[in-house]
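A short write-up of the structure that comes next.
What follows draws every value from the coordinates through simple rules; no lab data is involved. All values derive from a computational prediction rather than experimental measurement. FYI the Cβ positions are ideal-geometry reconstructions off the backbone, even for glycines, and counts take in every protein chain you see.
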Amino acid sequence: MKNTLYIEGGYPLHGQVRISGAKNAALVLIAASIMAEGETILDNVPRIRDVEVLVQLLEDLGVKVGWNEDGSLSICPPAKLKTRTSYELSKKLRASNLLLGALLGSQSEAQVSMPGGCDIGSRPMDLHIKGVQALGAEVDLEYGYINARVTKPSGGRVYLDFPSVGATENIMMMAAKTPGQTVIENAAKEPEIVDLANFLNSMGARIRGAGTDVIRIEGVSTLKAGRYAIIPDRIEAGTYMVAAAITGGEILVENVIPTHLHPIIAKLQETGTRVEEVKQGVLVRAVRPINPVDIKTLPYPGFPTDMQSQMMALLCYAQGSSIIVENVFENRFQVVDELKRMGARIKVEGHTAVVEGGTRLCGAKVRATDLRAGAALVLAALAAEGETEIEEAGHIFRGYENIEEKLKNLGAKIR
Ligand code: UD1
């Protein structure tokens with residue numbers, strides 16, 4: 001397994017890059033497909049490790065899953081599925097928790113392995129559990145598993161204390177097939193939530209309000225499988241946009257939905273980077289000097305936490321100090337120590353990081369501590385002096401399709 005990336009920095013990236021389907025939409029749509037009758041065909045599914053693990057999880061439950069010649073993914077669940085998810089596979093993929101709502105919707109029971117803590121902080125399930133309980137599920141926690149069963153399913157009202165993406169998705173999936181009306185208040189508004197609603201509605205579900213903070217769902221008795229194309233990945237797009245800015249290059253980022261990118265575009269423009277919406281996508285042109293900017297991560301449409309580390313890499317090269325406040329995850333500054341190995345000057349105090357710009361980073365041996373930290377190290381390395389060796393790059397392949405090839409096509413020296 002390829003697990004180390006070597007990058008020689010200092011080459012401005014130029015050209016076009018085509019963005020793949022969204023990881024976070026693909027994961028939830030694949031999970032939701034087990035609720036449909038018949039064969040679901042998904043287009044634009046990224047071939048990344050997280051998707052591979054979820055496919056294995058489904059196969060382990062008895063679902064027939066296969067890649068077609070045209071690159072689409074077919075998912076064909078039998079009427080009766082196993083309802084206990086594998087611990088061995090679940091521990092590799094936090095999003096395995098999305099099988100809770102999908103299994104409850106299709107089988108009325110689920111035994112889902114509790115996702116462990118992860119590198120970006122504790123990731124509790126309380127909101128997911130509160131949600132499925134409101135729809136009639138009885139839940140107990142035993143030996144690392146969430147055991148849920150629903151004997152009297154009935155729609156309900158759920159107020160989320162925080163607009164959790166995963167909890168909103170689990171409740172939407174279960175509610176799609178639960179009789180009566182469900183209302184989710186303070187729901188997550190991410191584009192991937194809207195994609196899930198559109199997908200479920202294309203199968204016959206009745207979901208309104210996705211993309212706003214109140215989602216209303218009328219349960220239906222069956223969902224009929226069909227064909228559906230996943231939205232492009234806004235975080236992958238944002239990462240290549242930063243690649244243009246950080247290396248002093250110019251990249252046409254193709255196959256994007258520009259409105260999904262607005263929070264990222266706005267911040268990049270504040271750094272002075274030129275971003276133009278064109279017919280094929282967004283054209284990003286680096287400008288020097290890079291202005292320092294302040295960033296607060298927030299649920300959508302705020303600035304995405306999944307782009308925070310990549311922006312931090314860029315701000316290391318800015319002319320002045322920037323302040324980054326991480327409001328979504330409790331421990332998402334692990335990349336700081338790795339960037340410091342490359343010469344970055346960053347101070348962290350609780351949820352706040354102060355990035356002192358103005359130094360060119362130098363190549364070093366570093367470690368990808370999580371997916372987006374890994375992406376940030378790739379970006380920092382592309383602009384650094386000399387060679388950077390990124391260990392544990394497997395984290396990066398969890399979420400970026402063909403990253404090596406895509407960067408090479410743009411002129412990066414990466415292997
Ligand atoms: C999803 C994304 C992830 C992204 C995150 C925030 C997928 C597969 N992953 O993760 O890439 O970074 O949204 O945009 O779509 N929380 C609770 N209790 C819960 C659930 C969540 O306290 O029951 C907290 C979490 O600890 C975290 C915050 O809510 O601090 C946000 O988490 P959430 O939106 O649920 O993220 P995920 O769905 O796990």
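For segment 328-413, which GluC sites (Glu not before Pro) pass both filters: DSSP loop (anything but H, G, I, E, B) and at most 11 other C-beta atoms within 10 Å? The qualifying sites: there are none.
Comparing Ser154, Ser108, Ala79 along the charge dipole axis of segment 23-217, the residue lying farthest to the positive side is Ser154, per the Cβ-charge model. Its Cα centre serving as origin, the chain has a Cβ charge dipole (Lys and Arg +1, Asp and Glu -1) of approximately 200 debye.
When Lys406, Lys92, Lys296 are sorted by how many other C-beta atoms sit within 10 angstrom of their C-beta, beginning with the fewest, the order is Lys296, Lys92, Lys406. Antiparallel beta bridges, as assigned by DSSP with both residues in the chain, represent about 70 percent of the total such bridges.
Taking θ as phi - 60° and the Karplus parameters 6.51, -1.76 and 1.60, the scalar couplings of segment 400-415 work out to 10, 6, 6, 4, 5, 5, 4, 5, 4, 4, 8, x, 6, 9, 9, 8 Hz in sequence order, x denoting glycine and proline. Hydrodynamic estimate: the Kirkwood radius of the chain over Cα pairs, inserted into Stokes-Einstein at 10 °C and 1.306 mPa s, corresponds to D of 73 µm²/s. For segment 259-415, the residue among Ser309, Asn402, Ile290 whose Cα projects farthest onto the positive side of the dipole built from Cβ charges is Ile290. Only Cα sites of segment 23-217 enter the Debye sum here, all with the same form factor; the resulting log10 I(q)/I(0) across q = 0.16 1/Å is -0.96, listed in q order.
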